[in-house]
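Before any comments, here is the structure.
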Amino acid sequence: MVKRYQAGFMAGATAVDPFVTPETLYLTPSRDFSGFNDPKKGASAAQGLIGRGVDVIFDVTGDSGSVVRRAATKAGIGVIGADVDAARRVPKFEARAVFVSAVKCVDVAVFDFLSRFAAGKVKGGKVVYGMKNGGVCVTGNCPELDELTKKVAAGEIKVPAPAVSPSHPRAGAFSWCDTT
């Protein structure tokens with residue numbers, strides 16, 4: 001999932017500003033998932049990014065993200081949250097740093113499965129949830145974002161598939177944009 005978020009962020013960042021330089025920083029090496037629950041690594045990475053002059057941090061670090069949002073608030077830069085509405089998981093003074101969040105709408109998948117189960121229509125196989133079927137949504141207060149989200153859901157904007165090797169997943173990622 002981290003790679004999908006990364007691909008979407010990078011495509012969106014360059015679509016908004018073709019001169020932006022999106023990059024990625026991982027908290028841990030491949031197959032080490034401790035980065036999702038290591039606030040010390042999150043704080044160190046956030047401070048390093050802020051020191052480099054980044055404009056936005058896309059925080060895909062799980063429970064390490066609280067320190068990222070705190071550091072961004074203090075530095076006056078923006079954060080994009082992942083998985084849940086990050087603005088609702090922080091004190092109000094930190095919520096102002098959260099522009100938007102890419103949210104996994106797990107309730108949609110659960111409701112869909114239970115509806116199919118109740119109707120006797122559950123079949124084996126993979127079901128993918130995304131913007132088109134309500135499995136991923138974006139929260140935030142940005143009219144332009146609402147328009148772009150609708151275009152992605154309608155297939156008018158294609159988000160590139162991530163370049164992922166199943167044998168090399170990554171954990172605890174930050175993506176950021178540095179326009180300097």
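Couple of notes before you dig in:
- Considering segment 11-24, and only residues there that are over 15 Å from the mean Cα position of the chain (by Cα) and in a helix (DSSP H, G or I), the residue that is surrounded by the most Cβ atoms within 10 Å (Cβ to Cβ) turns out to be T14.
- Hits in segment 114-130 (condition: among the hydrophobic types (A, V, I, L, M, F, W, C) and either touching a residue at least 12 places away in the same chain (Cβ under 8 Å) or in a loop (DSSP other than H, G, I, E, B) (or both)): A119, V122, V127, V128
- The listed residue being touching a Lys or Arg at 6+ places or on another chain (Cβ under 6 Å), buried (at least 21 other Cβ atoms within 10 Å of the Cβ) and farther than 29 Å from E147 by Cα, out of L27, L49: L27
- Filter result for the condition that a residue is surrounded by fewer than 24 Cβ atoms within 10 Å (Cβ to Cβ), more than 19 Å from V100 (Cα to Cα), touching a residue at least 40 places away in the same chain (Cβ under 8 Å) and among the small types (G, A, S), over S44, S34: S34
- Subset tally (residues that are modelled with pLDDT of 75 or more and of a type outside the set (A, V, I, L, M, F, W, C)) for segment 66-96: 10
- Members of segment 41-69 that are of a type outside the set (D, E), touching a strand residue (DSSP E or B) at 6+ places or on another chain (Cβ under 7 Å) and not in a loop (DSSP other than H, G, I, E, B): A45, A46, L49, V56, I57, F58, V60, G65, V68, R69
- Of the residues making up segment 137-175, those that are within 15 Å of A102 (Cβ to Cβ) and modelled with pLDDT under 50 number 3.
- From V110, V100, V68, residue being within 17 Å of V136 (Cα to Cα) and within 16 Å of the chain's Cα centre (by Cα): V100
- The set of residues from segment 27-41 being at pLDDT 85 or above and under 19 Å from the mean Cα position of the chain (by Cα) comprises just one member, K41.
- Within segment 52-76, being crowded, with 20+ Cβ neighbours inside 10 Å and either more than 22 Å from C105 (Cβ to Cβ) or among the charged types (D, E, K, R) (or both) holds for V54, V56, I57, D59, S64, V67, V68, R69, R70, A71, A72.
The values are calculated or read from the model by the stated rules, or taken from the named source; none is laboratory data. Predicted model only: the values in this text are computed from it and were never measured. In this analysis, Cβ positions are derived from the backbone assuming ideal geometry, glycine residues included, and neighbour counts consider all displayed protein chains.
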